[in-house]
Amino acid sequence: MSDTEQMVADYAWVKALIARRTDLALMRHRVKEIDGHVAVEVDGAHYEARAWRAAIDGRIYPSHIDVHGIRHQLVIGSRVSVHVVQHPGARGDL
């Protein structure tokens, strides 16, 4: 399978996963392609990161807070990466 075909298959897999899982569908999210890899950006915090980790059978990496006070956390799976973002004062979403 070519890289493009793999990316298209992974994108379809993520969209189907979101359609099947109400908890993921209710989260504010954006599915996008970054350098041939499927990525999901999710507005949220610990709950959202744990839900995505379970859904994609991935690994949660430690969170960090940038200079603007925005919390970032990555969840990496074999088919998708998830970037969970929490802005200051937000309770799980933007």
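The values are calculated or read from the model by the stated rules, or taken from the named source; none is laboratory data. The structure displayed is predicted, hence computed values, not measured ones. Note that each Cβ is placed from the backbone with ideal geometry, even for glycine, and that neighbours are counted across all protein chains shown. Areas reflect the complete protein model, heavy atoms only, side chains present, ligands, DNA and RNA absent. Shrake-Rupley method; radii C 1.70, N 1.55, O 1.52, S 1.80 Å.
Residues of the range 13-24 that are assigned to a helix (DSSP H, G or I) and either open to solvent by 10 Å² or more (accessible area, probe 1.4 Å) or among the basic types (Lys, Arg) (or both): Trp13, Lys15, Ala16, Ile18, Ala19, Arg20, Thr22, Asp23. Checked against the criterion of being out of contact with any strand residue (DSSP E or B) (no Cβ under 9 Å at 6 or more places or on another chain), acidic (Asp, Glu) and within 23 Å of Thr22 (Cβ to Cβ), the candidates Asp57, Asp43 yield just one match: Asp57. May I ask you to verify whether Gln86 is touching a helix residue (DSSP H, G or I) at 6+ places or on another chain (Cβ under 6 Å) and either more than 18 Å from Leu17 (Cα to Cα) or surrounded by 14 or more Cβ atoms within 10 Å (Cβ to Cβ) (or both)? The answer is no for Gln86. In this structure, is Asp10 open to solvent by less than 40 Å² (accessible area, probe 1.4 Å), outside any loop (DSSP other than H, G, I, E, B) and charged (D, E, K, R)? So Asp10 fits the description; yes. Taking each residue of the range 38-60 that is under 24 Å from Thr4 (Cβ atoms) and looking for partners that are acidic (Asp, Glu) and open to solvent by 10 Å² or more (accessible area, probe 1.4 Å) with beta-carbon atoms closer than 6 Å, six or more apart or interchain, yields Val38/Asp10. Looking across the range 25-83 at every residue that is over 16 Å from Asp10 (Cα atoms), of a type in the set (Val, Ile, Thr) and not in a loop (DSSP other than H, G, I, E, B), the one that is most open to solvent (accessible area, probe 1.4 Å) is identified as Ile65. Only residues that are more than 14 Å from the chain's Cα centre (by Cα) and at pLDDT 95 or above were counted in the range 17-43, giving 3. Please go through (1) assigned to a loop (DSSP other than H, G, I, E, B); (2) modelled with pLDDT under 95; (3) open to solvent by 90 Å² or more (accessible area, probe 1.4 Å); (4) not basic (Lys, Arg) for Glu5 and return the number of the only condition it doesn't satisfy. Exception for Glu5: condition (1).
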